[in-house]
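A short reminder: the numbers here are calculations on the coordinates, not readings from a lab. Just so it is clear, the structure is predicted and the values come from calculations on it, not from any experiment. Reconstructed Cβ throughout: ideal geometry from the backbone, glycine too, with neighbour counts over all protein chains shown.
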């Protein structure tokens, strides 16, 4: 038995009837006019009971259902042209050679993998139905979401954020007690990481909605394929290493062609379970949402960090979480549980959990982003200065290549190593029982290099080699304290990285601004600014009262009035039969001509801060048929 399962907390996300006109204008601008239509892969939204996916090659509307066991199912209820997300193969385009082949079939042949520019028909969109639907479960989700083509965003040689398989695939390795070594071909998702860790650590299951779960909200499953059922050992601790932005295909290339340059990663992989085709990350495939997914086992539509910058409709505030960096854990939904919190719940309040520059650290005892530090702060300062002054800790390449951001990011990784040394010193020598039970350690250098140089450039490779050397130091430090053999190591990233054609200087999300669309453009998300309009006839049947409000509710669950909106009353021919400006209460009134019926009257409403509206006085919108405009088909 299955039931329809739309957005869990519908509170303005997607398009409601007051937004159909502006929503269709926005989609038409993104897919019907250059340059945006040459740069956009997908435009997605929720409207009228279904999720919509629009592309130049076709559109679909689909519904989500859930069965009695919690399983999700998806049915396409309408299709015009090609289904743009029909191919959801998670194993496609997983090596550099396959990226080059896909670039060739895209008409972009090149011998340089950093110029492997992939058209939509050459990539896939893994778990697309689930990843799209989950986003709109959050009230912080946008009205419209834009997913650019794999190679058409920004002026950096490498980029991520889109739904396509290259930007959405991250490496994933489990190495340690209880793991079955080898390469495993598994259709995995990043929501599977947290429950797999919990299972390996022997967490008891809790019953949620009649089903067993390891975390307060669990969207993923245990990756049973990598478990060694015959092993009597369980790990005593977990050390997660997040090589931010590292391309899975680049890591595979190094393993197969240059293992000596990454001896420490190779050591962990050889002893552990590596997913041969990586793991599919959150959508959008961007840092802050993806890290929170890794740490909670929940999609961003459930943990509510939906984007590095998102808009809160009720408060009218735009929240730049990633730009803030510090004091951001409060934005995570209380309805989810982080691994730090879960470890303390299971093993006790005295359990030590650590976040080293991990973007999601809620509940960690050590988390410098939240100004919580374990260990001697003076010693930490001295360690940091000592490492920064070492001659070989920062590559001279960054400044020689005029990549000052890379220099700064290597400084961040050095500071992270100083935190680890200081923390382990504080916990004591050779006393594993007093050591941290869970550590999440973020290395940022690979992400900066992927952006600044591209996913397969020698600059990225140097960043990877230098990160591997730091991983070696981590292993040495743990080995010196007797922790190496008993620790489960998890190595992953928050997203993939795709080569970009920087000559395009493309940024399709903001193209609607040029067409006069009003909204908050938190790339790749669009929050439209629209008006809610009520029409009411007086008892004399001649006076028409029009009230104009903001479409989004405020914190008091009321829609604020829109003052200063120009309201025109038109007859069937378009002639103006009345015009007025709304008062501070958002109200105007017209005495309508006796010879005109309601069906002969149309309202045009304009305001400088909101999208214009054109509608019949019974509330029905008047706008072009988007299907006919884009595909020559009628709705």
Problem - Estimated [θ] at 222 nm from DSSP helical runs (n ≥ 4, -39500 (n - 2.57)) normalised by residues in the chain, nearest 500 - result: -8000 deg cm²/dmol
Exercise for the section: Indicate the gyration tensor shape class of the stretch 479-543 (rounded, prolate or oblate), computed on the Cα atoms with a ≥ b ≥ c the square roots of the eigenvalues: a/c under 1.5 is rounded; otherwise a/b larger than b/c is prolate and the rest oblate. Expected result: oblate
Completion exercise
Here the residues of the stretch 85-116 lying in the modelled label zone of residue 503, meaning backbone nitrogen under 20 Å from a point 7 Å along Cα-to-Cβ, are 100-116
Practice task
Measure nothing fancy, just the Cα-based angle from helix 248-257's long axis to the longest principal axis of the chain, in degrees from 0 to 90, nearest 10.
Solution key: 30 degrees
Completion exercise
The rounded separation in angstrom of the Cα centers of the stretch 467-508 and the stretch 437-459 is 6 Å
Practice task
Return the distance in nm (one decimal) between the two label points of a simple spin-label model at residue 211 and residue 402, each offset 7 Å from Cα along Cα→Cβ.
Solution key: 5.4 nm
Practice task
Answer rounded, prolate or oblate for the stretch 186-333, using the Cα gyration tensor with square roots of eigenvalues a ≥ b ≥ c: rounded when a/c is under 1.5, else prolate when a/b is larger than b/c, else oblate.
Solution key: oblate
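Could you order the peptides 531-544, 307-320, 360-373 from most to least packed, using the average number of other C-beta atoms within 10 Å per residue? Don't skip to the answer; put the middle values down first.
Details: 531-544: 14.4, 307-320: 17.7, 360-373: 20.9.
Going by the mean number of other Cβ atoms within 10 Å, highest first, we get 360-373, 307-320, 531-544.
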Completion exercise
Checked the stretch 19-141 against the a/c 1.5 cut and the a/b vs b/c comparison, axes a ≥ b ≥ c from its Cα gyration tensor; verdict oblate
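Kindly put 608, 106, 355, 583 in sequence by how many other C-beta atoms sit within 10 Å of each C-beta, fewest to most.
608, 583, 106, 355
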Handout entry: Neighbour-count order for 492, 581, 634, fewest beta carbons within 10 angstrom listed first
Key = 634, 581, 492
Practice task
Working from Cα positions, state the angle (0 to 90°, nearest 10) between the long axis of helix 287-296 and the longest principal axis of the chain.
Solution key: 70 degrees
Problem - Projected label distance in nm at residue 376 and residue 187, using a 7 Å step from Cα toward the beta-carbon - result: 5.5 nm
Exercise for the section: Rank these for me by crowding, 10, 630, going from fewest to most other beta carbons within 10 Å. Expected result: 10, 630
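Students often check this: by mean Cβ neighbours within 10 Å, which of 467-476, 167-176 ranks highest, and how do the rest follow?
Details: 467-476: 18.2, 167-176: 27.3.
Highest mean packing first, the order is 167-176, 467-476.
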Problem - Part-to-part distance (alpha-carbon centres) for the stretch 338-362 and the stretch 571-620, which is given in Å - result: 57 Å
Practice task
Using label points projected 7 Å from each Cα along Cα→Cβ, tell me how many nm separate residue 625 and residue 77, to one decimal.
Solution key: 2.0 nm
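In percent, how large is the relative contact order of the chain, given Cα pairs closer than 8 Å and 6 or more residues apart?
Numbers: 1460 pairs, mean separation 114.2, N = 635.
For the chain, the relative contact order is 18 percent.
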Practice task
Relative to the longest principal axis of the C-alpha atoms of the chain, give the angle of the C-alpha long axis of helix 96-105, reported between 0 and 90° and rounded to the nearest 10°.
Solution key: 30 degrees
Completion exercise
Check: C-alpha center the stretch 243-285 vs C-alpha center the stretch 366-393, spacing in Å is 28 Å
Exercise for the section: Rank by packing, highest mean first: peptides 68-76, 156-164, 264-272, with packing defined as the count of other Cβ atoms within 10 Å averaged across residues. Expected result: 156-164, 264-272, 68-76
